[in-house]
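**Q** Sharing a structure with you now.
Every number here is computed from the coordinates shown, using simple stated rules; none is lab data. For clarity, every value in this text was computed on a predicted model and none was experimentally measured. Here the Cβ positions follow ideal geometry from the backbone for every residue, glycine too, while neighbour counts run over all protein chains shown.
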């Protein structure tokens, strides 16, 4: 018998957070090796333009590094009780707002960035509304 937060949704959310870590690590790699980018550069979808913009770094650190840290923190807090998980989740909204504002100013969309933003927003909803209190999981 194991204590789990969020019952059946907990495993899916942790998988989503792991995917967020992987995407963020990939974007960090791409930051230093731009030729490794696999993304359209036609029309509004143009990852290279977004990832090469002045918005792609904050305080000299690639934004994707902050993503790695956030997703690892979210994984650590995903089974936590109390307000820490919700505070961490709400903190992710700042990153999403920055990302969306940057893509709006640039006029292009990075599908990887949008995917990370979506995963963060899903975690926020899960943490605040769907995470529930600890329940017994007999699986």
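**Q** For a quick check, take a GNM of the chain with Cα springs below 10 Å and name the residue from 50, 124, 69 with the largest mean-square fluctuation.
**A** Highest fluctuation among the options: 69.
**Q** For residue 84 paired with residue 19, estimate the spin-label separation in nm (one decimal), with each label point 7 Å from Cα along the Cα-to-Cβ line.
**A** Spacing of the two 7 Å Cα→Cβ label points: 2.7 nm.
**Q** Continuing with the same structure: For the chain, calculate the relative contact order in percent as a whole number, restricting contacts to Cα pairs under 8 Å that are 6 or more residues apart.
**A** 44 percent
**Q** Let me ask something else. Could you check what % of the DSSP bridge pairs in the chain are antiparallel, to the nearest 5?
**A** 90 percent
**Q** Further question on the same structure: Report the full-extension gain for the segment residue 61 to residue 76: residue separation times 0.36 nm, less the Cα-Cα distance, to one decimal in nm.
**A** 3.2 nm
**Q** Of 103, 57, 13, which is the most mobile in a GNM of the chain whose springs link Cα atoms less than 10 angstrom apart?
**A** 57
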